[in-house]
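Right, one structure below, let's go through it.
The values are calculated or read from the model by the stated rules, or taken from the named source; none is laboratory data. Please read these numbers as outputs of a predicted model, since none were measured by experiment. Neighbour counts are summed over all protein chains in view; Cβ atoms, including those assigned to glycine, are modelled from backbone coordinates with ideal geometry.
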Amino acid sequence: MSRLKIGISACFMHPDPKRVAAPKKTLLFIERSTAHWVMSEGALAFMIPSPSGETARGDVTLDDYARELDGLVMHGGADVSPTSYGEQPLHPDWAGDKVRDEYEMALVRAFSDAGKPVFGICRGLQLINVAHGGTLYQDLATQTGTPLVHRDRDVYDLNFHEVDIVPGTRLETLLGERRHRINSIHHQAIKDLAEGFVVEATSPDDGIIEAIRHEGDRWIAGVQWHPEFHNAELGVVDDTPLLRDFLDAASAARKK
């Protein structure tokens, strides 16, 4: 059988006159580490470009990508816009990227409707929640008063804390022990969990949701941390079982 083909949602760099490279153009990209994480178990990684925009031509849709690819990884990145879940930004810095939100919500629908698995990383988890009717904290420190630092700009992916796996969940089956060390690079998080989802992990220090999974027949899951950044030498959890479970679901979907 040929290698699995996994799509990765694109990050957007919108036109910016201050940018040296292509200041008038919209740039789409993925982080190399995300592609390498998908490729680490033998799958092929493909960035899925947005088919809409000022230069759009032809009749290619996201449904076409969902039919041709075997699964979808929702990339991390910019904030989800509060307007995507019915709120207004509490601060200009938290306005997020509405254009990317609409593109990624359409991606989730396309792959889900095609019976293909969807896995969300950080923003990806948040976007999945919003796409199914949930809401977010626009800023954890402001809205919850948590003493735990979930994002430290200076150390970035070397900011760590622990998570507790919820007993009886699929994530417990995959990771085994109840408590694990993970990286943390986010200031937004799930406030109201979308209907049809269950919590699979939380932060023991403040109860913030760290992993979710759809409880129906559609394979949709996400984690708030970044498995693509994990290094076993740093004492963090080995996320390989999560990737293998996702790829097993992609393989099963291909056979249907």
I'm trying to understand the selection: among the residues of the range 192-211, which are in contact with a strand residue (DSSP E or B) (Cβ under 9 Å, 6 or more places away or on another chain), in contact (Cβ under 8 Å) with a residue 24 or more places away in the chain and either of a type in the set (D, E, K, R) or in a strand (DSSP E or B) (or both)? ASP192, PHE197, VAL198, VAL199, GLU200, ALA201, THR202, ASP205, GLU210, ALA211
Considering only residues of the range 40-92 that are among the polar types (S, T, N, Q) and either within 18 Å of the chain's Cα centre (by Cα) or under 17 Å from PHE119 (Cα atoms) (or both), which is surrounded by the fewest Cβ atoms within 10 Å (Cβ to Cβ)? SER40
State all residues of the range 1-26 that are among the hydrophobic types (A, V, I, L, M, F, W, C) and surrounded by fewer than 15 Cβ atoms within 10 Å (Cβ to Cβ); if no residue qualifies, say none. MET1, VAL20, ALA21, ALA22
Residue count for the range 229-249, restricted to those that are surrounded by 15 or more Cβ atoms within 10 Å (Cβ to Cβ), touching a helix residue (DSSP H, G or I) at 6+ places or on another chain (Cβ under 7 Å) and modelled with pLDDT under 95: 3
So, in the range 220-256, exactly how many residues are part of a loop (DSSP other than H, G, I, E, B) and either of a type in the set (S, T, N, Q) or more than 22 Å from HIS36 (Cα to Cα) (or both)? 3
From (1) touching a helix residue (DSSP H, G or I) at 6+ places or on another chain (Cβ under 9 Å); (2) modelled with pLDDT of 95 or more, pick out the condition that doesn't hold for GLY53. (2)
Is it the case that the range 20-33 has a residue that's closer than 18 Å to HIS226 by Cβ, touching a helix residue (DSSP H, G or I) at 6+ places or on another chain (Cβ under 9 Å), outside any loop (DSSP other than H, G, I, E, B) and not charged (D, E, K, R)? yes
Please go through the range 94-121 and give me each residue that is assigned to a helix (DSSP H, G or I), buried (at least 21 other Cβ atoms within 10 Å of the Cβ) and over 15 Å from the mean Cα position of the chain (by Cα), ordered by number. ALA110
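Matching residues to (1) at pLDDT below 95; (2) loosely packed, with under 15 Cβ neighbours inside 10 Å; (3) in contact with a Phe, Trp or Tyr (Cβ under 6 Å, 6 or more places away or on another chain); (4) part of a helix (DSSP H, G or I):
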residue	(1), (2), (3), (4)
LEU148	yes, no, no, no
ARG153	yes, yes, no, no
ASP157	yes, no, yes, yes
VAL163	no, no, no, no
GLY168	no, yes, no, no
GLU172	no, no, no, yes
GLU177	yes, yes, no, no
Within the range 12-19, does at least one residue satisfy the condition of being assigned to a loop (DSSP other than H, G, I, E, B) and either in contact (Cβ under 8 Å) with a residue 24 or more places away in the chain or touching a Ser or Thr at 6+ places or on another chain (Cβ under 9 Å) (or both)? yes
